[in-house]
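The values are calculated or read from the model by the stated rules, or taken from the named source; none is laboratory data. It should be emphasised that the depicted structure is a prediction, and the values quoted were computed from it without experimental measurement. With ideal geometry, Cβ positions are generated from the backbone for all residues, glycine too; neighbour counts draw on all protein chains shown. Just the protein is used for accessible areas: all its heavy atoms, side chains included, with ligands, DNA and RNA removed. Shrake-Rupley method; radii C 1.70, N 1.55, O 1.52, S 1.80 Å.
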Amino acid sequence: MKSILEIYRIGRGPSSSHTMGPARAAELFHMENCGIDSCRVVLRGSLAMTGRGHQTDRAVREALDPIPCEIIFDNTIDETLPHPNTMDFTAIKDGKETASLRILSTGGGAISIPGRPDTETPEVYAEQSYREIADWCKAHNKRLPDYVEAHEGPYIWDYLTEIWQTMKRAVYAGLATSGTLPGGLGVERKAQYLFNQRHIDESEATRENRLVCAYAFAVSEQNADAGLIVTAPTCGSCGVVPAALLYMQEKRGLRDEQVVRALAAGGLVGNLIKTNASISGAECGCQAEIGAACSMAAAALGELFEMGLDQIEYAAEVAMEHHLGLTCDPIRGLVQIPCIERNAVAAMRAINALSLANFLSGSRKISLDLVIRTMYETGRDLSHLYRETSEGGLAKLYR
């Protein structure tokens, strides 16, 4: 497996696969083709279907600036594409095509070039499953964050500290902002309202629900407004992990250092999902984004409470299992409806998974590895209409 740095990336929304990934691809193509007169970029698959809503064209143009760029949205349904997020770049000099390159945006801001292993980041972890990781931890009497440090090196804590501070700033910025999100749907920011609107007779459970949802809305609304966020594991699911962890940190009076270790455990689960399945909504539906984020948050919470390896696995498994089949159908290709609310619901579900794991881990029948495999097969079986093309579901029926 690769580094968990691949899971947590700092960047601007609204989409890791549709803006961050294409921007990185354009920067790479620009670097490899200096001195050209212009460039043509053909966006295919999901990038073509929802690229305008996700502002893919803007991200590519800004990355190629000052080179003039023609962007073509090819809406042709092509099941032979190597990935639903495929881009074809062509360099033009003196009126002639001088170079071409196909680049895939594989989710979470990562890119891949078929036949170009030099563009791949190095492998960091030899273990490929939760079972193998748990066996390593048991053999060395270590916890999941210790396993991460043993493979990534001590510098990982500085990186994850920056990740956590950025996550918190996204929450606070979202809570401090009101108004309407861009894109034409007229979606009002609701995080500030949720945070301030206390019920006259509010129970502890109601307060928890309100605050966790407020935090998730805050980050997701920042993402929808092209604000600075952290992929966890994607932009579209960036509100789940910070919402659950910040609420629990405040409730329990926990130190940042404890949360940072929890992020390591959550990132490890996200890494397993990315390695053995997918974190791309275009490839496997929203279960690959929101489901993965919920599973990461549940594992992180389990580490925060210093649960055992089996309990953490159970929490992560439950969180993913109950998102199986979740479709990706963003209205007008915007990461707003139903994406923002899904972040809030998933953050609460992660806390529920933690509670179940506290009681029932000894009776579980399904492993995290199995549910990850199931998610991938389920996602590949989904019709393309429900894999981030905005052609089915809410995106089709909303008027």
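Number of residues in segment 160-172 that are more than 17 Å from E250 (Cα to Cα) and of a type in the set (A, V, I, L, M, F, W, C): the value is 2.
Pairs are defined by a Cβ separation below 9 Å, a sequence spacing of at least 6 or placement on different chains, a first member in segment 281-297 that is crowded, with 24+ Cβ neighbours inside 10 Å, and a second member that is among the aromatic types (F, W, Y); the pairs so defined are E283/Y376; C284/Y376; G285/Y386; C286/Y386; A288/Y376. Among the numbered conditions (1) in contact with an Asp or Glu (Cβ under 9 Å, 6 or more places away or on another chain); (2) touching a residue at least 60 places away in the same chain (Cβ under 8 Å), the only one that E79 does not meet is (1). Taken together, the criteria exclude C213 from residues that are crowded, with 17+ Cβ neighbours inside 10 Å and assigned to a loop (DSSP other than H, G, I, E, B).
Scanning segment 192-206 for residues that are over 28 Å from the mean Cα position of the chain (by Cα) and in a helix (DSSP H, G or I) gives a single hit, E204. Of the residues in segment 161-176, not one is touching a residue at least 40 places away in the same chain (Cβ under 8 Å), open to solvent by less than 50 Å² (accessible area, probe 1.4 Å) and of a type in the set (D, E). Where residues in segment 216-256 are among the acidic types (D, E) and within 20 Å of G302 (Cβ to Cβ), which of them is surrounded by the most Cβ atoms within 10 Å (Cβ to Cβ)? Residue satisfying both the conditions and the ranking: D256. Of all residues being buried (at least 19 other Cβ atoms within 10 Å of the Cβ) and of a type in the set (A, V, I, L, M, F, W, C) in segment 1-28, which is farthest from H151 (Cα to Cα)? Just the residue, please. Selected residue: A26. Residue under question is V259, and the condition is that it be assigned to a helix (DSSP H, G or I), in contact with a Pro (Cβ under 7 Å, 6 or more places away or on another chain), of a type outside the set (F, W, Y) and modelled with pLDDT of 95 or more; does it hold? So V259 does not fit the description; no.
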